[in-house]
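The values are calculated or read from the model by the stated rules, or taken from the named source; none is laboratory data. All values reported here derive from a predicted model rather than from experimental measurement. Here Cβ is always computed from backbone atoms with ideal geometry, including for glycine, and neighbour counts include all displayed protein chains.
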Amino acid sequence: MLIEQFREEAAVDIAVPGNYTLGKWLDPQGKQRTFACRTARVSPFRMLIEVPVVGRVGNRVKSYFRDFGHLEGVISDTARGSFLYQLEMSETRREKFASKLAWLETTRNDPSIPDVREGARIIPVNPHSTLILADGTTKPCFVIDISVSGVAVSAEQLIADSRNICATMGIQPGDTLVGAIPLGHAYGFVHVLMALVLQGTRAVLLEQPLPALLSEALSGPGPLVLPGTPYLFDLLLQAAGRRRYKGLRLCLSAGAPLPERLSRAFKERFGLPIRTFYGASECGGICYDRSRDGVLPDGCVGTPLEGVQVGLRPERGLEDGAGRIVVTSRAVALGCLPEAPAGADLGDGVFVTSDLGRLDGEGRVHLVGRVDRLINVGGRKVNPAEVEAVMRRLPGVQGVVVFGVPDRHRGQAVCACVVATKGLTREALLAACRERLAPFKIPRRVEFAGRLPLNARGKTDRRALAALVGPRAATPASRPA
């Protein structure tokens, strides 16, 4: 069929982005080239596609469109900057394709029609996928339709991440990885399982991360490598007694900030530092502590891994030299499902994170907060990390989290949850804040707690914090007796 004839047929004029390959178009390495494209007119039998490389009548085409999935067919006619694509598919699939097309046309013509599904759907480029969900868990699966919140990672990206990590940390086939973290989480999946698959590094898996089981595993012959979390290392420090783990050669901590006090205490007790590891589900490993001492100041996460470049994107309202952390690596994921976190950009080997940071003179990365945790006080931005740093300087403060809660007058109010020794008062904390912070940054409420609430991953449970403050956020309160 010719393009002019197709224009007379019943079809939908709709622009859907995608990509395609032509059989004999190869790159200098001999691999098939992929070109971006978009539809101009679509029916269940044919597509008119706007393209950078037209090809010839009779050329076979393979394509992928987010809303339609994989398609194959033959070029039946060409024009400048476009070709007509004869679709080849089963009758069952053609019926589904027609239904999808009708839905797209209906919602385009009437945007008020709601999509009552819980999440937007996309059809993945490769249905044989490993999905890393928003909580970091992984799921190998054959994906037909996606509505969960996760990150799609290819096998090549997982391999690149594992190689970056092993090369940077010196993890060798002769090491033994003590698996006290879940393999279903991205941290355990890449550090333990991928190291086993790629280079045969032995893994000892614990049924549960209980101190007794962990201590028994660490008492075995070395060299042992222990990937863990600050919570796990704190438990080990308390439960070890007089044990000395002679086979333990490397400890890695991720999943939550590693306090400098814990790192120093662990090194003094076992003669071995805990090395900070910083990464994200969207891009794998980012930074690692290569320092000689192995003890970093709070907020510092070391230098970029081998194969990883880190830069900063300026952000309004931050101190000079700070910005959003931008990661470039072959391990960056294909994309987020159904969409990236607020403000994050992901794709083509680059991930613009929601983390805020700065670089020091030694090339080390320091985390100073997150874009999605900035507190909006009457239109002015407050970085919780700045307020936390001021409070931590006060003797007696053992832990602090600053966060925002709704306030009908200012939009949000600054609140703080503090773990402190007996005798430290709210008035002392606020006085320290007044000395170093602008008035709008001073917490409106300070709550004292025996410990900071943590979730199952060992990170601060911000929902529990909000519940702790409740509707009294704008009303200052004294420390409970």
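With the condition kept exactly as written, say whether any residue in the stretch 74-85 is assigned to a loop (DSSP other than H, G, I, E, B), within 33 Å of the chain's Cα centre (by Cα) and on the phi < 0 side of the Ramachandran plot.
No, the stretch 74-85 contains no residue that is assigned to a loop (DSSP other than H, G, I, E, B), within 33 Å of the chain's Cα centre (by Cα) and on the phi < 0 side of the Ramachandran plot.
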>> I need a count of the residues in the stretch 198-234 that are crowded, with 20+ Cβ neighbours inside 10 Å and touching a residue at least 60 places away in the same chain (Cβ under 8 Å).
In response: 3
> So is residue 332 buried (at least 16 other Cβ atoms within 10 Å of the Cβ), aliphatic (A, V, I, L, M), out of contact with any Ser or Thr (no Cβ under 8 Å at 6 or more places or on another chain) and closer than 30 Å to residue 175 by Cβ or not?
Replying inline: yes
> In the stretch 143-255, which strands (runs of 3 or more DSSP E) lie fully inside it and hold 1 or more residues that are charged (D, E, K, R)?
Replying inline: 202-205, 248-253
> Can you pull out the residues in the stretch 253-285 that are of a type outside the set (Gly, Ala, Ser), surrounded by 18 or more Cβ atoms within 10 Å (Cβ to Cβ) and out of contact with any Asp or Glu (no Cβ under 9 Å at 6 or more places or on another chain)?
Replying inline: 270, 282
> Pick from the stretch 156-210 the residues that are under 18 Å from the mean Cα position of the chain (by Cα) and among the charged types (D, E, K, R): which of them is farthest from residue 303 (Cα to Cα)?
Replying inline: 156
> Mind checking which residues of the stretch 412-449 are assigned to a loop (DSSP other than H, G, I, E, B) and in contact (Cβ under 8 Å) with a residue 24 or more places away in the chain?
Replying inline: 421, 423, 424, 425, 437, 442, 443, 444, 449
> Residues of the stretch 86-97 being in a loop (DSSP other than H, G, I, E, B) and either of a type outside the set (Asp, Glu) or not assigned by TED's automatic domain parsing to the domain that holds residue 11 (or both), which ones?
Replying inline: 89, 90
> Quick one: which of 115, 161, 145 is at pLDDT 90 or above and either among the acidic types (Asp, Glu) or over 26 Å from residue 330 (Cβ atoms) (or both)?
Replying inline: 161
> Of these, 399, 404, 379, which one is within 25 Å of residue 262 (Cα to Cα), assigned by TED's automatic domain parsing to the domain that holds residue 468 and at pLDDT below 90?
Replying inline: 399
> If a residue has to be free of Cβ contacts under 8 Å to residues at least 24 places away in the same chain and either assigned to a strand (DSSP E or B) or within 33 Å of the chain's Cα centre (by Cα) (or both) to count, how many in the stretch 22-44 make the cut?
Replying inline: 10
>> Consider the stretch 237-259. How many of its residues are at pLDDT 90 or above and under 18 Å from residue 277 (Cβ atoms)?
In response: 7
>> I'd like the residue in the stretch 182-197 that is within 21 Å of residue 289 (Cα to Cα), in contact with a Gly (Cβ under 8 Å, 6 or more places away or on another chain) and modelled with pLDDT under 90 and, out of all such residues, is surrounded by the most Cβ atoms within 10 Å (Cβ to Cβ).
In response: 186
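Does residue 179 count as in contact (Cβ under 8 Å) with a residue 24 or more places away in the chain and either on the phi > 0 side of the Ramachandran plot or crowded, with 18+ Cβ neighbours inside 10 Å (or both)?
yes
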> Any idea which of 1, 47 is of a type in the set (A, V, I, L, M, F, W, C), within 22 Å of residue 90 (Cβ to Cβ) and part of a loop (DSSP other than H, G, I, E, B)?
Replying inline: 1
>> So, in the stretch 402-459, how many residues would count as being under 30 Å from residue 185 (Cα atoms) and touching a Ser or Thr at 6+ places or on another chain (Cβ under 8 Å)?
In response: 5
> Given the structure, is residue 170 at pLDDT 90 or above and on the phi > 0 side of the Ramachandran plot?
Replying inline: yes
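Which of the following residues is over 17 Å from residue 9 (Cβ atoms), among the hydroxyl-bearing types (Ser, Thr, Tyr) and out of contact with any helix residue (DSSP H, G or I) (no Cβ under 9 Å at 6 or more places or on another chain): 64, 85? Can you show your working first?
Numbers: 85 fails: over 17 Å from residue 9 (Cβ atoms).
Just one listed residue meets the conditions, 64.
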>> Take the conditions at pLDDT 90 or above, surrounded by fewer than 19 Cβ atoms within 10 Å (Cβ to Cβ) and touching a Pro at 6+ places or on another chain (Cβ under 9 Å) and apply them to residue 468. Does it pass?
In response: no
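For the stretch 91-107, enumerate the residues that are surrounded by 13 or more Cβ atoms within 10 Å (Cβ to Cβ) and either of a type in the set (Gly, Ala, Ser) or touching a strand residue (DSSP E or B) at 6+ places or on another chain (Cβ under 6 Å) (or both).
Once the filter is applied, which keeps residues that are surrounded by 13 or more Cβ atoms within 10 Å (Cβ to Cβ) and either of a type in the set (Gly, Ala, Ser) or touching a strand residue (DSSP E or B) at 6+ places or on another chain (Cβ under 6 Å) (or both), the stretch 91-107 yields 98, 101, 105.
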>> residue 386 - would you say it is in a helix (DSSP H, G or I), charged (D, E, K, R) and either in contact with a strand residue (DSSP E or B) (Cβ under 9 Å, 6 or more places away or on another chain) or over 30 Å from residue 289 (Cα atoms) (or both)?
In response: yes
